[in-house]
């Protein structure tokens with residue numbers, strides 16, 4: 001049998017087809033990860049099945065970072081980008097979105113806590129700290145040291161200062177409320193009161209009743225009404 005006869009009788013092979021990605025029919029975007037490069041770093045914008053990465057439909061939600069690790073900007077699915085600016089020490093000194101300023105003019109205490117900042121509406125918030133670096137005053141007003149709108153002061157005790165707040169004074173535009181707090185032997189909040197207005201205390205666990213566990217919880221205690229007091233227990 002000659003070569004022509006052999007080629008005529010041999011069945012022809014159909015051209016091989018590559019397996020089709022079954023996901024491509026359900027997802028209009030590419031099935032393989034797409035990559036974009038930001039500041040020399042390759043960032044995957046789509047990696048199906050991996051929750052650590054965003055799909056291509058969400059690739060606008062990619063944050064940027066400075067070398068120190070702080071996030072400088074983040075764009076949300078709505079395409080609104082919030083930018084964070086840092087000073088030379090790597091501390092936040094401004095947060096904005098386009099022409100909208102959320103917070104700026106940060107000032108820091110020597111131990112690193114925020115001492116003052118200016119909100120986007122023009123008002124200022126500030127904090128003062130004691131020698132143990134605990135916030136003893138928080139104010140809100142028209143300048144970096146003004147407390148005309150709100151002033152909160154905190155007391156921690158003298159030699160018994162273990163970090164628990166023992167008292168708080170709330171001064172809001174001429175009205176003053178004083179509150180005190182008590183703790184049990186393991187430093188759990190046990191009582192809170194506003195003299196002349198309200199008092200709450202936590203009932204310690206007592207012996208279990210038949211079919212029930214130990215009883216505990218908070219209870220309000222009535223106090224004589226004070227002149228001009230319109231506040232109730234929280």
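Using a Förster distance of 30 angstrom, determine the FRET efficiency expected from the C-beta separation of residue 154 and residue 80, and round it to 0.05. All intermediate terms of the calculation are to be shown ahead of the outcome.
Numbers: r = 37 Å, r/R0 = 1.22.
The pair residue 154/residue 80 has a calculated efficiency of 0.25.
Full extension from residue 111 to residue 200: what is 0.36 nm times the residue separation minus their Cα-Cα distance, to one decimal in nm?
28.5 nm
The modelled label-to-label distance between residue 187 and residue 73, using points 7 Å beyond Cα along the C-beta direction, is 4.4 nm.
Bear in mind that the values in this text are calculations on the coordinates, not laboratory data. Note that this is a predicted model, so its numbers are computed, not measured. As a convention, Cβ positions derive from the backbone with ideal geometry for all residues, glycine included, and neighbour counts pool all protein chains shown.
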